[in-house]
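To start, the structure itself, in structure tokens.
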Amino acid sequence: MSTRKNIHSGAPWESVAGYCRAVRIGSHIAVSGTAPVGDDGEVVSPGDAYQQARRCIEIIENALREAGAGLGDVVRTRMFVTDISEWPAVAKAHQEAFGSVPPATTMVEVSQLIDPAMLVEIEADAVVAET
């Protein structure tokens, strides 16, 4: 039986909502929907979908590293945007991070995220060799 490793970000809402940043079981890593929040807990780059997407991917990369993986191990991403007309900016950040190892992906427009200043949220799944 594979062991479970929970990766916590330290965000205060993890305990409120009962989740963690990522979970690794065996070779599979699931990274929760990741919002563009800075170390100070504030939304980064209000109004800039590209910079927000870059921040989401940076947080995802940190969680993956803690789980023993990297962006090259990602097999699936899901991007949630509040304005689909911003898709080129979000896609640019995604391509920069994953262009050499493109995962399966989805981008959908949602009516809103938890904070009105958030334009994008991204989640990811990765597969690595079991250790």
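The values are calculated or read from the model by the stated rules, or taken from the named source; none is laboratory data. Just so it is clear, the structure is predicted and the values come from calculations on it, not from any experiment. Here Cβ is always computed from backbone atoms with ideal geometry, including for glycine, and neighbour counts include all displayed protein chains.
Assorted remarks:
- Tallying residues that are assigned to a loop (DSSP other than H, G, I, E, B) and closer than 14 Å to N62 by Cβ within region 16-34 yields 2.
- Cβ-Cβ contacts under 6 Å between residues 6 or more apart (or on different chains), taken from a first residue in region 27-48 that is free of Cβ contacts under 8 Å to residues at least 40 places away in the same chain to a second residue that is surrounded by fewer than 16 Cβ atoms within 10 Å (Cβ to Cβ), are listed as V44/G38.
- Residue check, R55 basic (K, R) and over 15 Å from A126 (Cβ atoms): yes
- Residues within region 58-89 that are part of a helix (DSSP H, G or I), of a type in the set (D, E, K, R) and more than 11 Å from the chain's Cα centre (by Cα), tallied: 4
- Inspection of region 35-55 finds a residue satisfying the criterion of being under 14 Å from the mean Cα position of the chain (by Cα), in a helix (DSSP H, G or I) and polar (S, T, N, Q).
- Among (1) surrounded by fewer than 22 Cβ atoms within 10 Å (Cβ to Cβ); (2) touching a His at 6+ places or on another chain (Cβ under 8 Å), the one test that A53 misses: (1)
- Scan of region 90-131 for residues that are acidic (D, E) and either assigned to a strand (DSSP E or B) or closer than 21 Å to E42 by Cβ (or both), ordered by number: E109, D115, E121, E123, D125
- Which listed residue, of R55, R78, is on the phi < 0 side of the Ramachandran plot, modelled with pLDDT of 95 or more and in contact with an Asp or Glu (Cβ under 9 Å, 6 or more places away or on another chain): R78
- Test: residue in region 86-96 that is among the β-branched types (V, I, T) and either under 20 Å from D115 (Cβ atoms) or modelled with pLDDT of 95 or more (or both): yes
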